[in-house]
1. Restricting the search to the stretch 139-159, which residues are in contact with a strand residue (DSSP E or B) (Cβ under 8 Å, 6 or more places away or on another chain) and not in a loop (DSSP other than H, G, I, E, B)?
2. (1) open to solvent by less than 50 Å² (accessible area, probe 1.4 Å); (2) modelled with pLDDT of 75 or more: which one isn't true of Tyr224, the others all being true?
3. Of a type outside the set (A, V, I, L, M), buried (at least 18 other Cβ atoms within 10 Å of the Cβ), more than 17 Å from the chain's Cα centre (by Cα) and in a helix (DSSP H, G or I), is that true of Gln256?
4. Filter the stretch 29-64 down to the residues that are part of a helix (DSSP H, G or I), open to solvent by 10 Å² or more (accessible area, probe 1.4 Å) and either touching a residue at least 60 places away in the same chain (Cβ under 8 Å) or in contact with a helix residue (DSSP H, G or I) (Cβ under 9 Å, 6 or more places away or on another chain) (or both) and list them by number.
5. Looking only at the stretch 160-170, which residues are crowded, with 20+ Cβ neighbours inside 10 Å and assigned to a loop (DSSP other than H, G, I, E, B)?
6. Looking at this structure, is Val229 more than 21 Å from Gly290 (Cβ to Cβ), open to solvent by 30 Å² or more (accessible area, probe 1.4 Å) and at pLDDT 90 or above?
7. Does Tyr134 fit the bill of being aromatic (Phe, Trp, Tyr), open to solvent by 10 Å² or more (accessible area, probe 1.4 Å) and touching a helix residue (DSSP H, G or I) at 6+ places or on another chain (Cβ under 8 Å)?
8. Can you spot a residue in the stretch 184-195 that is over 16 Å from the mean Cα position of the chain (by Cα), farther than 16 Å from Ala218 by Cα and open to solvent by 20 Å² or more (accessible area, probe 1.4 Å)?
Amino acid sequence: MLFRIEDSANINGKHREYNIPEKDLPELRVTQLESYIATEIRKEVNNSKDRSLLSYSKSLGVCLLKYNKFADNQLRINNLDDIEDFVFYYVLKSKKVKCKTFNLKEGIKYKKNRKIKLINFKIDISNNILLDEYMRKETGIGLKKVASPEKDKEVLLMQSPYDIVITCYLESVYLLYALYLKYGMNEGIYNNLLNKISTLEDFRFVCCGESERDALIAIVNYLYYNGEVEKEMSQKIYQDSRKSEEISFYYNPILQLHDIQIESFNDSYMLSDYNGNIISDWIWEFYKNGIVVDN
């Protein structure tokens with residue numbers, strides 16, 4: 001799975017295009033494709049004002065702890081992580097759709113210099129050395145020292161129209177992530193969460209849309225099956241967020257996440273009504289009944 005924080009709470013923020021209209025898709029020749037993609041990657045990772053790609057992370061923790069400090073933005077989820085990196089385009093003359101494998105080391109392979117319409121591409125840029133070499137070779141400009149694609153476990157997409165989104169219950173995701181970091185997730189907790197979220201009344205999703213149910217289920221599955229890998233990926237981000245002075249001046253889910261790691265379960269549970277939504281209540285209850293409670 002891939003995760004992204006959309007700056008939805010800031011009306012003046014840089015909001016990206018997730019579903020690009022066909023008329024706006026770039027038309028070019030195949031020989032121009034490598035240069036075009038490399039330039040778009042360079043603009044994104046070097047923080048250009050006209051960047052337009054979608055930046056995702058392979059780590060949920062990177063998004064929660066680094067890019068959403070006030071927990072007031074959308075969490076978007078994309079399921080392309082297990083699919084090999086690709087470039088997807090439409091051949092204008094033959095009207096055929098082509099999907100080619102694509103990576104930083106080998107670039108894009110092609111046989112004919114046809115005119116195409118670029119539909120989408122996905123590229124894992126989480127290796128700083130490979131990325132810097134690729135950018136210098138294709139654009140003449142390398143990776144800025146302040147850029148952190150490797151640390152952020154970054155993957156880029158041109159568009160991503162089928163994301164599932166969490167908005168209303170994002171604080172519950174922080175809570176589940178915090179409890180998972182400390183206590184893991186046994187089979188009983190996992191099954192209870194899946195059952196309750198799957199059967200939750202429809203009116204609970206009126207404000208956010210039914211897909212939020214699917215997104216919550218996806219998070220539960222991700223932590224249960226990939227949680228140990230997630231811990232390894234987000235360890236440095238977690239340590240950096242603990243050192244941040246900014247979060248100590250206000251109360252938010254990140255502060256609670258850190259408190260859960262150092263407090264006993266009973267002490268944390270005593271303050272468990274802070275956000276008062278039904279999914280958070282279940283998470284607390286299932287962890288209370290599913291772990292050996294510490295004192």
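1. Within the stretch 139-159, Glu154, Val155, Leu156, Leu157 qualify.
2. The number of the failed condition is (1).
3. On the way: of a type outside the set (A, V, I, L, M): yes; buried (at least 18 other Cβ atoms within 10 Å of the Cβ): yes; more than 17 Å from the chain's Cα centre (by Cα): yes; in a helix (DSSP H, G or I): yes.
The answer is yes for Gln256.
4. Just the residues of the stretch 29-64 that are part of a helix (DSSP H, G or I), to begin with: 30-45, 60-64.
Subsequent filtering for residues that are open to solvent by 10 Å² or more (accessible area, probe 1.4 Å) retains 31-32, 34-36, 39-40, 42-45.
Matches in the stretch 29-64: Thr31, Glu34, Ser35, Tyr36, Thr39, Glu40, Arg42, Glu44, Val45.
5. Ser160, Asp163, Tyr169
6. Working: more than 21 Å from Gly290 (Cβ to Cβ): yes; open to solvent by 30 Å² or more (accessible area, probe 1.4 Å): yes; at pLDDT 90 or above: yes.
Yes; evaluated as a whole, the condition is true for this residue.
7. Details: aromatic (Phe, Trp, Tyr): yes; open to solvent by 10 Å² or more (accessible area, probe 1.4 Å): no; touching a helix residue (DSSP H, G or I) at 6+ places or on another chain (Cβ under 8 Å): yes.
Against the criterion (aromatic (Phe, Trp, Tyr), open to solvent by 10 Å² or more (accessible area, probe 1.4 Å) and touching a helix residue (DSSP H, G or I) at 6+ places or on another chain (Cβ under 8 Å)), Tyr134 does not qualify.
8. Kept after step one, since they are over 16 Å from the mean Cα position of the chain (by Cα), are these residues of the stretch 184-195: 184-195.
If we keep only those that are farther than 16 Å from Ala218 by Cα too, we end up with 184, 186, 188.
Those still in the list that are open to solvent by 20 Å² or more (accessible area, probe 1.4 Å) too: 186, 188.
Yes, the stretch 184-195 has at least one match.
The values are calculated or read from the model by the stated rules, or taken from the named source; none is laboratory data. Just so you know, these numbers come straight off a predicted model, no measurement behind them. So basically every Cβ, Gly included, is an ideal-geometry build from the backbone, and we count neighbours across all protein chains shown. Calculation scope for accessible area: heavy atoms of the full protein, side chains included, ligands and nucleic acids excluded. Shrake-Rupley method; radii C 1.70, N 1.55, O 1.52, S 1.80 Å.
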